[in-house]
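The next block holds one structure in the form of structure tokens; read it before the comments.
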Amino acid sequence: MLRNRALLTLWGGEFASRIGESIFQIALLWYLLELTGSSMATGVVSMISYLPAFLVGIWAGVVVDRLDYRRVMLAANLVRVALAASIPLLVLGLALPVAGLAALGFLLTSATAFFNPARDALIPVLARQDELVVANSLVQSAWQFSLVIGPFLAAAALPYLRTVFLFFAVSLAFALSLVTLLRLGLRGRLLPAAAEPHGAPGAGPAGAPGGFRAEFRRGLGYLRTERRVWWIWLITLVNNFFIMGPAVVGIPFYVKSYLGGSGSDFALVEGTYAGGMIVCTWLISRYGTRFNPVHLLFTALIWDGLTYVPLLWVHSVEGTLLTILVHSLGIPGITISRITALHRMVPQHMQGRVFSYFHLAVAGMTALSIGVVGVVLTWLPANWLFGIIGLLCAACGVWGWLLPTFREG
């Protein structure tokens, strides 16, 4: 697998992109807390920055299936470079209001709604079917290593510069992703011939009669009628509603208000997520082919929920770091097994759309969950939030195991 230069190039582009996303989350959340001091305001703005998953993600997959995957990723990066760099410039020059910051976050995340499904659909083009577990583990490891480097870079920088300047680092990371992905080249489509059933060279599957709207309807119809994909999508939707708001807004509020920690403590907690994830990703790359990816997914969902519950009793930064380290062991079991299962279930010409629906389930529910959590934290202590949602998230894994559709095989 390490000899697959195109896949390694994709890893490099994904790594730089994830560095940008991780620093962006830290910069946005901590800057909002500094600016407003309000969990509700922070939650609302963060929710707005995730809304493109609803408003853009639902149809972004059709665009991905119609175009070259690489070009979609390059264009998305170019937009993100410009938007991230504009935030500190506008803050310093025009005293950018909270509403303006929310608008820029919305636009930046809109570009990500195209980048992510294009990346996921590209993987089976670069790797054989029997390499998918290792290939997905490799690409997912870019996220995990970025969680080490991004937050720790932010933690090292925050004592010496204003939070708003971190957005320049975000822009630089997206620029590095853009340059790296250019090495994949721009000549020739990275879309297999099997995905072009209607014969028009370069037209892709969206060259079918009816055009964009017909392909949009076909994608939604496929999601509704392919029951295995539907159930995985629905469980993903519900689970992410429970867990993503606490993970995104609850953690910084937990560190700041419950533990009395600093911005550097928050960045360290975020970086600690990567420790267990890297270990688990390596284990899956070595032994993951022995397991049904759907069964591994549901088991990991149970672990993911139950290991949040101890935050109900933890009272120190050190205890929080240990709890998050244990919790993080289950995350690759969710992400790698889910994407591998979908690569095996979904035909190539549908993957852009299907992965955009899953991006909607993750990022879209993140937006809704953040908004709800921002309100809930005005009356519920942060430690109780994690105790409750941990049990609810574990229940999603139990739900999957009980479905007759997945009980065999």
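The values are calculated or read from the model by the stated rules, or taken from the named source; none is laboratory data. Since this is a predicted model, take the numbers as computed values, not measurements. Every residue, glycine as well, gets a Cβ built from its backbone with ideal geometry; the counts of neighbours run over all protein chains shown.
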Residue by residue through the stretch 116-155, note down the ones that are over 25 Å from residue 271 (Cβ atoms) and among the polar types (S, T, N, Q). 129
Which pairs turn up if I take residues in the stretch 107-129 that are within 21 Å of residue 343 (Cβ to Cβ) and look for partners that are among the polar types (S, T, N, Q) and part of a helix (DSSP H, G or I) with beta carbon separation below 6 Å, at least 6 apart in sequence or on another chain? 117/356; 121/351
Helices (runs of 4 or more DSSP H) within the stretch 223-315 that include 3 or more residues of a type in the set (A, V, I, L, M) and in contact with a Cys (Cβ under 9 Å, 6 or more places away or on another chain): 227-245, 293-306
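Quick grid of which residues meet (1) at pLDDT 90 or above; (2) in contact with a Leu (Cβ under 6 Å, 6 or more places away or on another chain):
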residue: 300; (1), (2): yes, no
residue: 352; (1), (2): no, no
residue: 365; (1), (2): no, yes
residue: 372; (1), (2): no, no
residue: 382; (1), (2): no, no
residue: 387; (1), (2): yes, yes
Taking the stretch 348-381 and keeping only residues that are touching a residue at least 60 places away in the same chain (Cβ under 8 Å) and either outside any helix (DSSP H, G or I) or in contact with a Lys or Arg (Cβ under 9 Å, 6 or more places away or on another chain) (or both), one is left with 350, 352, 353, 355, 358, 377, 378, 381
Taking residue 278 and the conditions (1) within 26 Å of residue 145 (Cβ to Cβ); (2) at pLDDT 90 or above; (3) among the aliphatic types (A, V, I, L, M), which numbered condition does it fall short on, given that it satisfies the others? (2)
Tally time: how many residues in the stretch 304-316 are of a type outside the set (Gly, Ala, Ser) and either out of contact with any helix residue (DSSP H, G or I) (no Cβ under 8 Å at 6 or more places or on another chain) or closer than 22 Å to residue 145 by Cα (or both)? 4
Just to be sure, is residue 14 farther than 17 Å from residue 370 by Cα and at pLDDT below 80? no
Would you be able to say whether some residue in the stretch 269-282 is touching a helix residue (DSSP H, G or I) at 6+ places or on another chain (Cβ under 7 Å), free of Cβ contacts under 8 Å to residues at least 24 places away in the same chain and of a type outside the set (Phe, Trp, Tyr)? no
Residue ID - surrounded by the fewest Cβ atoms within 10 Å (Cβ to Cβ), chosen from residues in the stretch 289-303 that are closer than 26 Å to residue 149 by Cα and either free of Cβ contacts under 8 Å to residues at least 24 places away in the same chain or touching a helix residue (DSSP H, G or I) at 6+ places or on another chain (Cβ under 6 Å) (or both): 300
Out of 20, 61, 12, 57, which single residue is small (Gly, Ala, Ser), buried (at least 23 other Cβ atoms within 10 Å of the Cβ), touching a helix residue (DSSP H, G or I) at 6+ places or on another chain (Cβ under 7 Å) and under 20 Å from residue 136 (Cβ atoms)? 61
Inspect all residues belonging to the stretch 225-234 and state whether any of them is of a type outside the set (D, E, K, R) and crowded, with 23+ Cβ neighbours inside 10 Å. yes
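Yes/no per residue for (1) over 18 Å from residue 28 (Cα atoms); (2) in contact with an Asp or Glu (Cβ under 9 Å, 6 or more places away or on another chain); (3) of a type in the set (A, V, I, L, M); (4) at pLDDT below 90:
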| residue | (1), (2), (3), (4) |
| --- | --- |
| 43 | no, no, no, yes |
| 52 | no, no, no, yes |
| 59 | yes, no, no, yes |
| 89 | no, no, yes, yes |
| 108 | no, no, yes, no |
| 111 | no, no, yes, no |
| 114 | yes, no, no, no |
